[in-house]
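Enquirer: Below you'll find the structure I mean.
Rule-based calculations on the coordinates, nothing more; no lab input. All figures in this text were calculated on a predicted structure; none of them were measured in a lab. Neighbour counts are summed over all protein chains in view; Cβ atoms, including those assigned to glycine, are modelled from backbone coordinates with ideal geometry.
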Amino acid sequence: MAELIRPSTELPALRTPFHVRTSDGVDLIGEVASPLGQSKGAILTLHPLPTAGGMMDSHVYKKAANRLPAMSGISVVRFNTRGTTSEAGTSTGVFDNGGAEGLDVAAMINYCADVLKLENLWIVGWSFGTDLALRHAKDPRHKGLILLSPPLRTTTDEELLYWNSDPRPITALVPEHDDYLKPEAARKRFAIVPTLKIIAIDDARHLWLGEPSVHRVLSEINTIVTGDTHALPLEY
């Protein structure tokens, strides 16, 4: 009998811890959660600001890893950027406010493409992670960007304008009550990239607290990655 999906629900997947070395010698720790059956795609997740508690286990990403492999056939790759700690351990190196973290992003895309051989790979950034995606995820081997609560804290207009020369899709999910960039302000800030799609999410906040917000985010990710336009089921 199907059971209601709860915050603590952990559905079947193959969960594999890993270490990845960056070009400057930093040791990144993480985990890939893979479907037990056929894969329909993959996401590489870039977590929120580590100095504010962001890490690979930040709740939306933990729930993505616990649900999407089984519910959507999506592989979920999570890792800690340099100097960041989670239950899985600590990545070496020192936090650099999104600068040297570009080497982390590059190393992880290499790992996803060259070692894991993931196909239909998308980059998902959340808050600080959206700046990492916009500034550093230009590798041609991924399909596009999915931005959760983008604050545009460190991304410059020049870095945004790059995406006018790159045809890959970018979708930003912007909470109605975001602490940093609400939907109307996001439309103005992102106007220099006309092809970027903004989806305003009613009743949501920057941290996507509550199951309705998590369900909406994961459903949107599923639609973008797999093409399935139906919302994810509430039971499994």
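Enquirer: Which condition does Asp203 not pass, out of (1) within 20 Å of the chain's Cα centre (by Cα); (2) under 24 Å from Ser72 (Cβ atoms), if it passes all the others?
Expert: Status for Asp203: all satisfied but (1).
Enquirer: Suppose we keep only residues that are within 13 Å of the chain's Cα centre (by Cα) and assigned to a strand (DSSP E or B) within the stretch 133-177. Which one would you say is nearest to Arg216 (Cα to Cα)?
Expert: Leu173
Enquirer: If Ser75 satisfies every condition in (1) without any contact (Cβ under 8 Å) to a residue 60 or more places away in the chain; (2) under 15 Å from Phe128 (Cα atoms); (3) surrounded by 24 or more Cβ atoms within 10 Å (Cβ to Cβ); (4) hydroxyl-bearing (Ser, Thr, Tyr) but one, which is the exception?
Expert: Of (1) without any contact (Cβ under 8 Å) to a residue 60 or more places away in the chain; (2) under 15 Å from Phe128 (Cα atoms); (3) surrounded by 24 or more Cβ atoms within 10 Å (Cβ to Cβ); (4) hydroxyl-bearing (Ser, Thr, Tyr), only one is false for Ser75: (2).
Enquirer: Which residue is surrounded by the fewest Cβ atoms within 10 Å (Cβ to Cβ), if the candidates are limited to the stretch 78-90 and must be without any contact (Cβ under 8 Å) to a residue 60 or more places away in the chain and of a type in the set (D, E, K, R)?
Expert: Across the stretch 78-90, the extreme among qualifying residues is Glu87.
Enquirer: Moving on. Find the residue count for the stretch 179-192, including only residues that are within 20 Å of the chain's Cα centre (by Cα) and within 25 Å of Arg168 (Cβ to Cβ).
Expert: The total comes to 5.
Enquirer: Give just the number: which of (1) β-branched (Val, Ile, Thr); (2) under 18 Å from the mean Cα position of the chain (by Cα); (3) closer than 15 Å to Cys112 by Cβ does Thr22 not satisfy?
Expert: (2)
Enquirer: Please find, among Asp179, Asp139, Asp202, the residue that is more than 24 Å from Asp96 (Cβ to Cβ), surrounded by fewer than 16 Cβ atoms within 10 Å (Cβ to Cβ) and acidic (Asp, Glu).
Expert: Details: Asp179 fails: more than 24 Å from Asp96 (Cβ to Cβ); Asp139 fails: more than 24 Å from Asp96 (Cβ to Cβ).
Criteria check complete, one pass: Asp202.
Enquirer: Here's another thing I want to ask about it. From the residues in the stretch 99-136 that are closer than 15 Å to Asp166 by Cα and not aliphatic (A, V, I, L, M), which one is surrounded by the most Cβ atoms within 10 Å (Cβ to Cβ)?
Expert: So in the stretch 99-136, the residues closer than 15 Å to Asp166 by Cα come out as 122-123, 133-136.
Now restrict to residues that are not aliphatic (A, V, I, L, M): 122, 135-136.
Values: Trp122: 24, Arg135: 20, His136: 21.
The selected residue is Trp122.
Enquirer: On to the next question. State which residue is nearest to Leu145 (Cα to Cα) when the search covers only the stretch 35-51 and only residues that are surrounded by fewer than 20 Cβ atoms within 10 Å (Cβ to Cβ) and in contact (Cβ under 8 Å) with a residue 40 or more places away in the chain.
Expert: The qualifying residue nearest to Leu145 (Cα to Cα) is Lys40.
Enquirer: For Val60, are the conditions met, namely being out of contact with any Asp or Glu (no Cβ under 9 Å at 6 or more places or on another chain), surrounded by fewer than 18 Cβ atoms within 10 Å (Cβ to Cβ) and aliphatic (A, V, I, L, M)?
Expert: no
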